[in-house]
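Working notes for the structure below.
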Amino acid sequence: MTARRRAQEFCEAYGLSMPILQAPMAGACPPALAAAVADAGGMGASGVVLDSPARIAEWVAEFRSLSTGPFQLNIWIPDPLDDDPAGISAAEDFLGRFGTPGPEQPPAPSFEEQCEAMLAARPRVVSSIMGTFSPEYVERLHEAGIAWFACATTLAEALAAQEAGADAVVAQGLEAGGHRGVFEPETAERTAVGLFALLPHIVDGVDVPVIATGAIADGRAAAAALTLGASAVQVGSALLRSPETGIAEAWAASLEGLAPEDTVATRAYSGRLGRAAPTGYVRSWEAPGAPSPAPYPHQRGLVGRWRKGIPDPAAAVPLDRANHWAGQAAGRAVAEPAADVVTRMWSDAQALLPPGNRDGVERKV
């Protein structure tokens with residue numbers, strides 16, 4: 001099957017006119033961004049790992065007030081709780097250099113309640129990262145006409161997702177910004193594979209459509225991913241500077257001219273490995289004598305407390321007020337409307353794909 005035909009079939013299945021999905025970036029996916037991508041012909045998204053059921057419903061209602069296009073809701077599969085008192089204490093002491101912490105944060109939303117809220121919202125797609133859903137939940141999704149996309153960073157993870165009933169696999173290369181979607185957190189560093197090595201490996205090994213993500217910031221990368229067997233691409237860092245995204249000014253500034261080799265894989269924000277800009281805060285956790293960040297979700301909770309506390313004006317470097325996530329192509333992000341970014345990406349990709357109709361549709365003979 002040709003790249004164009006694969007993309008066409010995927011678009012027909014999910015109500016798209018271009019095979020481009022917005023990455024579900026928790027904390028950086030307001031309804032306006034998702035609506036802009038959906039109205040341009042792609043699929044919008046929201047990462048709901050931090051959201052209460054009420055907030056999930058609010059986001060969906062706002063999106064639907066702006067667009068009738070398709071969207072996905074994405075959530076993390078919870079890790080087994082890793083209580084490491086010594087590690088948590090060491091991370092807490094280290095954070096003391098940045099100021100005085102605020103009070104304990106309220107409990108995280110219930111995963112089960114979040115799952116119910118996603119089901120009630122009836123998106124076109126519910127997607128997962130860090131593992132697979134239970135068979136019972138997958139069955140309920142499918143009974144409701146909701147597809148399940150599962151993130152995978154290895155072929156073994158992709159096969160596990162397919163076996164569990166995933167309708168598509170999101171192949172995430174090490175280049176991707178934000179958290180790595182590994183099923184086992186301790187394997188994140190040693191299973192880091194680039195997208196263009198990972199993608200054909202997964203495509204050849206599974207029977208479901210594969211969506212490519214990681215450093216896809218222009219039509220060249222999109223066309224390459226489709227040529228290597230992807231049915232669609234998922235784009236995150238390329239949209240971070242779009243006005244609809246509305247990220248913090250300091251975060252946006254950290255992306256300006258950021259070279260691929262300068263992004264760093266870090267656990268400093270949450271305890272889970274993710275790719276970010278090399279801020280002073282992030283680099284401080286790599287300095288000699290620095291402890292390891294606390295395991296997830298303890299590190300995330302500690303960082304949240306210090307952000308709500310009183311900063312130390314004498315600190316050598318400030319605490320980042322937002323997670324400066326950045327994929328290896330984040331330096332290519334432009335401060336242009338999201339619709340323009342994805343429309344140009346698809347137009348440029350079509351010009352590079354093997355001959356066919358410019359709209360990506362192969363006419364039946």
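Structure notes:
- Euclidean distance between Cα centres, region 205-262 to region 269-307, Å: 24
- As a rough guide to protection, the peptides 192-205, 252-265, 307-320, 216-229 ranked by mean Cβ packing within 10 Å, highest first, stand as 216-229, 192-205, 252-265, 307-320.
- Degrees separating the helix 111-121 axis from the principal Cα axis of the chain, which is the longest one: 30
- Farthest towards the positive end of the charge dipole of region 78-123, among the residues PRO106, ALA91, ALA121, is the Cα of ALA121, using unit charges on the Cβ of Lys, Arg, Asp and Glu.
- Percent antiparallel among DSSP beta bridges (both partners in the chain, rounded to 5): 20
- The overall shape of region 72-206 is oblate: from the C-alpha gyration tensor, with semi-axes ordered a ≥ b ≥ c, the ratio a/c is 1.5 or greater and a/b is no larger than b/c.
- Inter-part distance where region 117-165 and region 1-79 are each reduced to a Cα centre, Å: 15
- Most mobile listed residue (ILE75, ILE20, ILE88) in the chain, GNM with C-alpha springs under 10 Å: ILE88
- Peptides 174-184, 276-286 ranked from most to least packed, by the mean per-residue count of other Cβ atoms within 10 Å: 174-184, 276-286.
- Region 170-314, relative contact order in percent, only Cα pairs under 8 angstrom and at least six apart counted: 20
- Between GLY15, GLY289, GLY274, the residue with the greatest mean-square fluctuation in the GNM of the chain (Cα pairs under 10 Å linked by springs) is GLY289.
- For ALA248 and ASP93, the difference between the fully extended length at 0.36 nm per residue and the C-alpha to C-alpha distance is 53.1 nm.
- Prolate is the label for the chain. Its Cα gyration tensor axes, ordered a ≥ b ≥ c, give a/c of at least 1.5 and a/b above b/c.
- Sequence of MET118, MET130 once ranked by neighbouring C-beta atoms within 10 Å, starting from the fewest: MET130, MET118
- The chain, relative contact order [Cα under 8 Å, separation at least 6], %: 22
- In this Cβ point-charge picture (+1 for Lys and Arg, -1 for Asp and Glu), the chain has a dipole of about 860 debye about its Cα centre.
- Prolate/oblate/rounded call for region 115-168, Cα gyration tensor, a/c under 1.5 rounded: prolate
- Contact order, relative form, for region 1-122: 25 percent (alpha carbon pairs under 8 Å, 6 or more residues apart, mean separation divided by residue count).
Bear in mind these aren't lab numbers, they're just calculated from the coordinates by the rules spelled out. The shown structure was predicted, so the numbers you read here are calculated from the model rather than taken from an experiment. Every residue, glycine as well, gets a Cβ built from its backbone with ideal geometry; the counts of neighbours run over all protein chains shown.
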